[in-house]
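A short worksheet on the structure shown next.
The values are calculated or read from the model by the stated rules, or taken from the named source; none is laboratory data. It should be emphasised that the depicted structure is a prediction, and the values quoted were computed from it without experimental measurement. Because the Cβ atoms are built from the backbone with ideal geometry, glycine has one as well, and the counts that use them run over all protein chains shown.
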């Protein structure tokens, strides 16, 4: 029988090498989420940071939760927020030179140039970080409301209200487009 994540994390408290099974199970999912949020290059670094943080905090893991994914998504989401804050500080202190855009910036510029994607990007950018985190965890990672609540350490009711608000704002920003179509765009890209 395959051990649960909680059992593996518990075992890793005395056998640190056991934690590698958590990485093997969940790293591809966490990487995909981070890459969609920040690009592949940044995702490589942050997925490592996510699992290092999880390893360091494994003593505090709630063993009543058999699946560690929500916990790992919570750590990853916090790292995204920290990365964005650091990036914003860097942009405020460094003059912008558009002639030296890196590859990720060029790719992002090409993608956002497409009409629908541009609207979607603007709509997502208009959301509060808290609402955007909930929407993306549901749309991209197909987490349940309970899993999002665990990931972000908020009540399920808060997840529901943030998701409702985010969907409404995105629908309004896209001119009343069907929210199912919006979620399909989110899921594919």
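For region 30-68, how many residues meet the condition of being part of a helix (DSSP H, G or I) and touching a helix residue (DSSP H, G or I) at 6+ places or on another chain (Cβ under 7 Å)?
The number of residues fulfilling the criteria is 19.
Checking the conditions here, which among 67, 24, 17 is surrounded by 14 or more Cβ atoms within 10 Å (Cβ to Cβ), modelled with pLDDT of 95 or more, outside the structural domain of residue 133 (by TED's automatic domain parsing) and out of contact with any strand residue (DSSP E or B) (no Cβ under 6 Å at 6 or more places or on another chain)?
Answer to the selection: 67.
All but one of (1) surrounded by fewer than 18 Cβ atoms within 10 Å (Cβ to Cβ); (2) farther than 30 Å from residue 125 by Cβ hold for residue 53, so report the exception by its number.
Exception for residue 53: condition (2).
Of all residues in region 1-27, how many are farther than 15 Å from residue 77 by Cα and not in a loop (DSSP other than H, G, I, E, B)?
Residues of region 1-27 farther than 15 Å from residue 77 by Cα: 1-25.
With the extra rule that they be not in a loop (DSSP other than H, G, I, E, B), the set shrinks to 5-12, 16-25.
So the count comes out to 18.
So which residues in region 1-14 are touching a helix residue (DSSP H, G or I) at 6+ places or on another chain (Cβ under 7 Å) and either closer than 23 Å to residue 138 by Cα or surrounded by fewer than 17 Cβ atoms within 10 Å (Cβ to Cβ) (or both), if there are any at all? Give the steps one after another, and end with the answer.
Restricting attention to region 1-14, the residues satisfying the condition of being touching a helix residue (DSSP H, G or I) at 6+ places or on another chain (Cβ under 7 Å) are 5, 8-9, 11-13.
5, 11, 13, listed by residue number.
For (1) surrounded by fewer than 14 Cβ atoms within 10 Å (Cβ to Cβ); (2) in the same structural domain as residue 55 (by TED's automatic domain parsing); (3) at pLDDT below 90; (4) on the phi > 0 side of the Ramachandran plot, each residue gets a yes or a no:
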| residue | (1), (2), (3), (4) |
| --- | --- |
| 82 | yes, yes, no, no |
| 89 | yes, yes, yes, no |
| 108 | no, no, yes, no |
| 146 | yes, no, no, no |
| 154 | no, no, no, no |
